[in-house]
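The values are calculated or read from the model by the stated rules, or taken from the named source; none is laboratory data. Bear in mind the structure is a predicted one, so any value in this text is a computation, not a measurement. Every residue, glycine among them, receives a Cβ derived from its backbone with ideal geometry; neighbour counts consider all protein chains shown.
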Amino acid sequence: DAAVASWRRAHRVALRDRRAPKPVRTFLEAAFPPFLTAPLEAAGFDRPTPVQSQAWPIILSGYDTIGLASTGSGKTLAFTLPALVHIVAQDYLAAGDGPIALMLAPTRELALQIKAECDKFGGASGVRNTCVYGGVPKGPQLRDLQHGVEIAIATPGRLLDFLDAGQTNLRRCTYLVLDEADRMLDLGFEPQLRQIIALIRADRQTLMFSATWPREVERLAREFMSDAVMVEVNNAAD
Ligand code: ADP
Ligand code: MG
């Protein structure tokens, strides 16, 4: 489709994959449920960013997805909105212990940014999230986790503490996000990442979002993703 090819060129979206669905160029085209369109409108956003336009239909098609785009390009909502769609499509309020979506991030600051987007866009759906990270007492995080959550946003070390103690579990987890895996590896989280991922069912959907794609991260992707579609937004010239 020439229009799609020209959109991708204009937005520097590179896709080396025939399976990729065409990008959604407006929020309307994304066909999100009303609980998402309302906060998108309230946020005053004009249109999806390039990585969102192309990643949303790929993720919503169920593919493992790699999104590479520079800092500030809207990667958080690229994986958060499909997570909410994934969750509300199932019997999510049924008593289940442990999250349906797990979003791993390298730092507390980043985890809290993801949480803020989940709060803003998931609020109207009733989907509950919690954020767990180290350096603070465990009590309040544990209470939230055990109260029941559909989304857990976590730094690897603290989540593993809760998992090892049997205080939460990943039995329901079918949507895994590794945000800024490059930084997680730089910070030495690879052993914890491996232990966490080993607890998640193999038929999960796995997503990786990052600004860079070093060889060690690619190796991790090969091991933990199945046949992922890669979306790369090249803003080098901007
Ligand atoms: P990244 O993870 O790629 O570094 P973020 O997800 O943190 O980027 O997004 C950067 C900023 O852009 C955030 O303040 C976010 O709310 C905003 N943003 C996200 N999507 C859009 C959009 N479609 N239109 C305008 N702003 C957006
Ligand atoms: Mg980000």
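Before we move on, is Ala55 within 16 Å of ligand 2 (Cβ to nearest atom) and under 17 Å from Lys115 (Cα atoms)?
Values: within 16 Å of ligand 2 (Cβ to nearest atom): yes; under 17 Å from Lys115 (Cα atoms): no.
It is false that Ala55 is within 16 Å of ligand 2 (Cβ to nearest atom) and under 17 Å from Lys115 (Cα atoms).
How many of the residues in the stretch 3-52 are more than 16 Å from ligand 2 (Cβ to nearest atom), within 17 Å of Glu117 (Cβ to Cβ) and of a type in the set (S, T, N, Q)?
So the count comes out to 1.
How many residues, within the stretch 73-113, are more than 17 Å from Arg204 (Cα to Cα) and among the polar types (S, T, N, Q)?
4
From Asp64, Asp17, grab the single residue that is in contact with a strand residue (DSSP E or B) (Cβ under 9 Å, 6 or more places away or on another chain) and crowded, with 19+ Cβ neighbours inside 10 Å. Walk me through how you get there before you give the answer.
Details: Asp17 fails: crowded, with 19+ Cβ neighbours inside 10 Å.
Going through Asp64, Asp17 in turn, just one is in contact with a strand residue (DSSP E or B) (Cβ under 9 Å, 6 or more places away or on another chain) and crowded, with 19+ Cβ neighbours inside 10 Å: Asp64.
Residues to consider are Glu117, Glu109; find the one that is closer than 22 Å to Asp144 by Cα, in contact with a helix residue (DSSP H, G or I) (Cβ under 8 Å, 6 or more places away or on another chain) and not aliphatic (A, V, I, L, M).
Working: Glu109 fails: in contact with a helix residue (DSSP H, G or I) (Cβ under 8 Å, 6 or more places away or on another chain).
Sole residue among the options that is closer than 22 Å to Asp144 by Cα, in contact with a helix residue (DSSP H, G or I) (Cβ under 8 Å, 6 or more places away or on another chain) and not aliphatic (A, V, I, L, M): Glu117.
Scan the stretch 72-86 and give yes if some residue there is more than 16 Å from ligand 1 (Cβ to nearest atom) and touching a Cys at 6+ places or on another chain (Cβ under 9 Å), otherwise no.
Within the stretch 72-86 (the criterion being more than 16 Å from ligand 1 (Cβ to nearest atom) and touching a Cys at 6+ places or on another chain (Cβ under 9 Å)), the answer is no, since none of the residues qualifies.
Would you pick out the residues in the stretch 4-52 that are more than 10 Å from ligand 1 (Cβ to nearest atom), modelled with pLDDT of 90 or more and among the small types (Gly, Ala, Ser)?
Across the stretch 4-52, the qualifying residues are Ala5, Ser6, Ala10, Ala14, Ala30, Ala31, Ala38, Ala42.
Is it the case that Asp144 is surrounded by 15 or more Cβ atoms within 10 Å (Cβ to Cβ), over 15 Å from the mean Cα position of the chain (by Cα) and under 24 Å from His86 (Cβ atoms)? It would help to see each step written out before you state the result.
Working: surrounded by 15 or more Cβ atoms within 10 Å (Cβ to Cβ): yes; over 15 Å from the mean Cα position of the chain (by Cα): yes; under 24 Å from His86 (Cβ atoms): yes.
Criteria met by Asp144.
Please give the helices (runs of 4 or more DSSP H) falling wholly within the stretch 11-120 in which 2 or more residues are closer than 25 Å to Glu190 by Cα and not small (Gly, Ala, Ser). Before the answer, list the steps.
Numbers: elements: 27-30, 34-43, 50-60, 75-88.
Where helices (runs of 4 or more DSSP H) fall fully within the stretch 11-120 and carry at least 2 residues being closer than 25 Å to Glu190 by Cα and not small (Gly, Ala, Ser), they are 75-88.
Which pairs turn up if I take residues in the stretch 208-224 that are under 20 Å from Ile59 (Cβ atoms) and look for partners that are among the small types (Gly, Ala, Ser) and within 16 Å of ligand 1 (Cβ to nearest atom) with beta carbon separation below 6 Å, at least 6 apart in sequence or on another chain?
Met208/Ala181; Phe209/Gly67; Ser210/Ala181; Ala211/Ser70; Val217/Ala181
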